[in-house]
Amino acid sequence: MTGEGIGFGKAILFNEHFVVYGVPAVVSAIDKYTIARVEPSSKGFTFEDNRKATPKYKEEKSEQQKDSLNRIFKTMNLETSKKSIKITLDGNLYAASGIGASAASCVAIARALSEHFNLNLSNEEINKIAYEGEKGYHGTPSGIDNTASTFGGLIWFKKDETNTIERITIPTPIEIVIGNTGKVADTTAAVAGVKERKEKNAEKYQRIFERAENIAFLARRALQDEDYVEIGKLMTENHKLLQQIEVSSRELDFTVDIARDNGALGAKLTGGGLGGNMIALTPGKDLQEQVANAIEKEGFQVLKTAIGVTREG
Ligand code: MEV
């Protein structure tokens, strides 16, 4: 029997990095996903990654991917059974830094294994397994990526003992543009850098973290009120905070500026930073097209999608 499962890509709208320290964050799944297939293999454990990817992404992540797979098998008690299967990754989510490619693969694999071995796991169980798998890529993930990738939709996420996961319902999906800097980034290194600087500059970082927390609450209200101008303003301010904790990059700042100069209501880096992807708020197809074209003209790949659409379970 072939098992199959999907995991959504995601875009963090507010508070990547801050979320690692318990500051609330807002994340949206996007309508692109990774599919994993599990089938019997007579050649021992085989793994085939057919996802389209940023150049060097697969090479640079290959050790982390092995570690992640082992963690998933261990968590699911499938270390022996793995010898008799082949796993294939595919789907329309481009594998790149910042849009949840690692989380989407962990969720998709956990779901496909669950189906193949008839485990009938719930979304909550899949999310827990994917979180363990994410440790292979992130070291100490907050859990926000696997949560968005498992459940889909727009989510308020706060890391605490049990993790607060609440749906944010918006009446109409909002168009966004995601721009890819083409640079593969290492989330573990980005998170470690923030930790080191936070310890060295405790007072400065405390002020930044307090503002990030305020932004989360203001953003949640603005999303519920469909106040696009306010959401955009808060996203741009959030980008400034991310610059202050030194996780942005020249390409990220450049693409954020292009987006804003071309009418985006707000823009920021999304995900771990130091490369990877940025996101621009562009309500309406015309504005989305305009901003996407401007970013593309500068030689960056874009993805036109929306927040508040996809939902699982
Ligand atoms: C990565 O997509 C988001 C980070 O906040 C790390 C994490 O939350 O695990 C940078």
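The values are calculated or read from the model by the stated rules, or taken from the named source; none is laboratory data. Predicted model, so just to flag it, every value in this text is computed and none were measured. FYI the Cβ positions are ideal-geometry reconstructions off the backbone, even for glycines, and counts take in every protein chain you see.
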Answer yes or no as to whether Lys61 is more than 22 Å from the chain's Cα centre (by Cα), in a helix (DSSP H, G or I) and not assigned by TED's automatic domain parsing to the domain that holds Lys198. no
Restricting to the range 25-69, name every residue that is of a type in the set (S, T, N, Q) and farther than 30 Å from Ala216 by Cα. Ser41, Ser42, Thr46, Asn50, Thr54, Ser62, Gln64, Gln65, Ser68
Residue that is outside any strand (DSSP E or B), more than 16 Å from the ligand (Cβ to nearest atom), of a type in the set (Val, Ile, Thr) and assigned by TED's automatic domain parsing to the domain that holds Asn118, where the choices are Ile87, Ile35, Ile72: Ile72
State which residue is nearest to the ligand (Cβ to nearest atom) when the search covers only the range 245-270 and only residues that are over 19 Å from Gly299 (Cβ atoms) and surrounded by fewer than 17 Cβ atoms within 10 Å (Cβ to Cβ). Glu246
Take Glu132 and tell me if it is away from the ligand (no atom under 16 Å from the Cβ), outside the structural domain of Leu252 (by TED's automatic domain parsing) and charged (D, E, K, R). no
Looking across the range 1-32 at residues that are farther than 20 Å from His138 by Cα and touching a Ser or Thr at 6+ places or on another chain (Cβ under 9 Å), the single one that is nearest to the ligand (Cβ to nearest atom) is Ile30
What number goes with the only condition from (1) of a type in the set (A, V, I, L, M, F, W, C); (2) crowded, with 23+ Cβ neighbours inside 10 Å; (3) out of contact with any helix residue (DSSP H, G or I) (no Cβ under 9 Å at 6 or more places or on another chain) that Ala189 does not pass? (2)
Among the listed residues Lys268, Lys304, Lys285, which satisfies the condition of being under 21 Å from Pro141 (Cβ atoms) and either modelled with pLDDT of 95 or more or not hydrophobic (A, V, I, L, M, F, W, C) (or both)? Lys268
Of all residues making up the range 268-279, the number that are touching a helix residue (DSSP H, G or I) at 6+ places or on another chain (Cβ under 6 Å) and either more than 20 Å from Ile144 (Cα to Cα) or outside any strand (DSSP E or B) (or both): 3
Residues to consider are Ser41, Ser105; find the one that is crowded, with 17+ Cβ neighbours inside 10 Å and in contact with a strand residue (DSSP E or B) (Cβ under 6 Å, 6 or more places away or on another chain). Ser105
Failed criterion for Thr169 (all others in (1) over 12 Å from the mean Cα position of the chain (by Cα); (2) outside any loop (DSSP other than H, G, I, E, B) hold): (2)
Can we say Thr80 is free of Cβ contacts under 8 Å to residues at least 12 places away in the same chain and β-branched (Val, Ile, Thr)? yes
Are any residues in the range 156-182 more than 22 Å from Val194 (Cβ to Cβ) and within 14 Å of the ligand (Cβ to nearest atom), and if so, which ones? Ile165, Ile178
Condition set modelled with pLDDT of 95 or more and surrounded by 16 or more Cβ atoms within 10 Å (Cβ to Cβ), scope the range 48-63, selection farthest from Ile176 (Cα to Cα): answer is Asp49
How many residues, within the range 77-99, are touching an Asp or Glu at 6+ places or on another chain (Cβ under 9 Å) and not polar (S, T, N, Q)? 7
Residues to consider are Ala104, Ala112; find the one that is in a helix (DSSP H, G or I), assigned by TED's automatic domain parsing to the domain that holds Gly9 and within 24 Å of Glu60 (Cα to Cα). Ala104
